[in-house]
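Data first, discussion second: the structure below is written as structure tokens.
Coordinate-derived values only; no laboratory data. None of the values given here were measured: they were computed from a predicted structure. With ideal geometry, Cβ positions are generated from the backbone for all residues, glycine too; neighbour counts draw on all protein chains shown.
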Amino acid sequence: MDTIITLYILLAVVFLTNIIVFGVLLMKLKNLSRIAKSLDIGKLKQISQDIESLKKISLKSFQKVGIVKFNPFKSMGGNLSFAAALLNALNEGIVISGLHNRESTRTYIKEISCGKEKPELSSEEKEAVENAVKS
């Protein structure tokens, strides 16, 4: 007899637990339904298109930088000259070099396409490109 009462109590607890779980699930379903009604499919498509557009733009923007300072003229002290590589995600971009001496500073720009230089690069410019690719 005690076993039957225990069994009934256990069944009642399981039944009440299921009712509580069902109630919680029903509340969550109502919340999801409310959220789904507030979503506009047109807006979601526009957001998705905007994200894709931003991805394309970001591929072309400078993301990698490599800088090397050096002294091209051994008769002068200090590393006042530089080579700076600015590359995008596709390793395309430019190398800007500044050569400093006592009378002037000369600045040069060279184009980099697909990680390879079009004109011949100096060792310092190559190092700047390598540093940018690694960054």
For the stretch 29-40, 3J(HN,Hα) per residue [Karplus equation, 6.51 cos²θ - 1.76 cosθ + 1.60, θ = phi - 60°, Hz, x = Gly/Pro]
5, 4, 4, 5, 4, 5, 5, 4, 5, 7, 7, 10
Using modelled amide H (1.01 Å from N, peptide plane; none on Pro or chain starts), what sits under 5 Å from the amide H of I112, excluding residues fewer than 5 places away?
G93, I94, V95
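Could you please rank V24, V65, V95, placing first whichever residue has the fewest other Cβ atoms within 10 Å of its Cβ?
Working: V24 10, V65 14, V95 26.
With the sparsest Cβ surroundings first, the list reads V24, V65, V95.
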Could you give each residue of the stretch 57-73 its phi-based ³J(HN,Hα) in whole Hz, using Karplus coefficients 6.51, -1.76, 1.60 with θ = phi - 60°, and x for Gly or Pro?
5, 5, 5, 8, 7, 5, 10, 10, 10, x, 10, 10, 9, 7, 10, x, 10
As straight-line cross-link partners of K110, the qualifying aspartates and glutamates (C-alpha separation under 18 Å, not fewer than 8 residues apart within one chain) are E92, E120, E124, E125, E127, E130
Proximal charge balance of G98 [Cβ under 13 Å; K/R count +1, D/E count -1]:
+1
The lysines whose Cα lies under 19 Å from the Cα of K45, excluding any fewer than 8 residues away in the same chain, are K37, K55, K56
If you rank K110, K55 by fewest surrounding Cβ atoms within 10 Å, what's the result?
K55, K110
